[in-house]
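Peer 1: Please see the structure below; I have some questions.
Only the coordinates and a few stated rules stand behind these numbers; no lab work does. Keep in mind that this is a model prediction, so the values were computed, not measured. All Cβ positions, even for glycine, are placed from backbone atoms using ideal geometry, and neighbour counts span all protein chains on display.
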Amino acid sequence: MPSKFNLPDAAATLRLGEALAAGIGPGRVLHLKGELGAGKTTLVRGLLQALGHQGRVKSPSYTLLEPYTLSSLNLYHFDFYRFKDRSEWLSSGFREYFNPASACIVEWPERAAPDLALPDLELELEFAGEGRRARLVAHTPAGESWLSSLRFSS
């Protein structure tokens with residue numbers, strides 16, 4: 001069953017990212033969906049800051065991948081917006097990053113479909129007036145655990 005949250009401003013989007021940080025770990029995969037400007041990178045910024053990252057968090061729109069090493073966690077933030085078709089995913093070499101030792105966050109996962117496996121957790125952001133609305137769906141037992149442990153109030 002999906003969970004839904006209203007995010008009245010960017011600060012609430014950051015806080016949702018912070019709350020998601022508590023459940024991310026090796027082997028976890030989070031897919032982020034939403035239009036351009038919906039707040040996907042803002043959410044990732046909140047998650048990374050909660051994990052102790054103090055540097056800049058930028059969208060990987062042009063680089064396709066931003067790697068982060070946080071304590072003992074290797075986290076990879078992907079953005080597949082620029083993929084034109086599935087052959088780019090197949091030839092990218094990114095598949096090796098999706099393993100039990102790494103956490104992966106993917107913006108625009110639909111651009112790598114159907115070759116990208118279902119994530120543990122899928123989060124869709126949509127515009128709602130001046131704010132946003134988030135809808136989270138678990139696709140695996142690990143995702144269900146992650147979602148059930150989420151402590152967030154907008």
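Peer 1: Which one of V29, L47, V57 is farthest out on the positive end of the charge dipole of the stretch 3-148, using unit charges on Cβ (Lys, Arg +1; Asp, Glu -1) and the Cα centre as origin?
Peer 2: Ranked along the dipole, the leading option is V57.
Peer 1: Rounded to whole Hz and in sequence order, give me ³J(HN,Hα) for the stretch 35-43 from the Karplus expression 6.51 cos²θ - 1.76 cosθ + 1.60, θ = phi - 60°, writing x for Gly and Pro.
Peer 2: In residue order, the calculated couplings are 5, 4, x, 6, x, 4, 5, 4, 4 Hz.
Peer 1: Once you keep just the Cα pairs under 8 angstrom separated by 6 or more residues, what percentage relative contact order results for the chain?
Peer 2: 35 percent
Peer 1: Karplus couplings for the stretch 12-17 from phi (6.51 cos²θ - 1.76 cosθ + 1.60, θ = phi - 60°), rounded to Hz, Gly and Pro as x?
Peer 2: The phi angles translate into 5, 5, 4, 5, 5, x Hz.
Peer 1: To the nearest Å, what is the center-to-center distance of the stretch 104-146 and the stretch 1-72, using C-alpha atoms only?
Peer 2: 11 Å
Peer 1: Right, next: For the stretch 37-80, which trypsin sites (Lys or Arg not before Pro) are in a loop by DSSP, counting at most 10 other Cβ atoms within 10 Å?
Peer 2: Qualifying residues, ordered by number: R56.
Peer 1: Next question, about the same structure. Okay, helix-only estimate at 222 nm for the chain: each DSSP H run of n ≥ 4 adds -39500 (n - 2.57), divide by all residues, round to 500 deg cm²/dmol; what do you get?
Peer 2: -7000 deg cm²/dmol
Peer 1: Find me the longest stretch of the chain that has none of the exposed GluC sites (Glu not before Pro), where exposed means in a DSSP loop (not H, G, I, E or B) with at most 12 other Cβ atoms within 10 Å.
Peer 2: Between exposed loop sites, the widest span is 36-129.
Peer 1: What lysines sit close enough to K84 to cross-link, taking a C-alpha to C-alpha distance under 17 Å and skipping anything fewer than 8 places away on the same chain?
Peer 2: Result set, ordered by chain and number: K33.
Peer 1: Moving on. Treat each spin label as a single point 7 Å out from the Cα along the C-beta direction, and report the R95 to E126 distance in nm.
Peer 2: 3.3 nm
Peer 1: Amide H neighbours of K33 under 5 Å, counting only residues 5+ apart in sequence or on other chains, H built in-plane at 1.01 Å?
Peer 2: Result for K33 returns L123, E124, L125.
Peer 1: Oh, and also: Give me a comma-separated list of calculated 3J(HN,Hα) values for the stretch 2-11, in order, Karplus coefficients 6.51, -1.76, 1.60 applied at θ = phi - 60°, integers in Hz, x for any Gly or Pro.
Peer 2: With coefficients 6.51, -1.76 and 1.60, one gets x, 9, 10, 9, 8, 10, x, 7, 4, 4 Hz.
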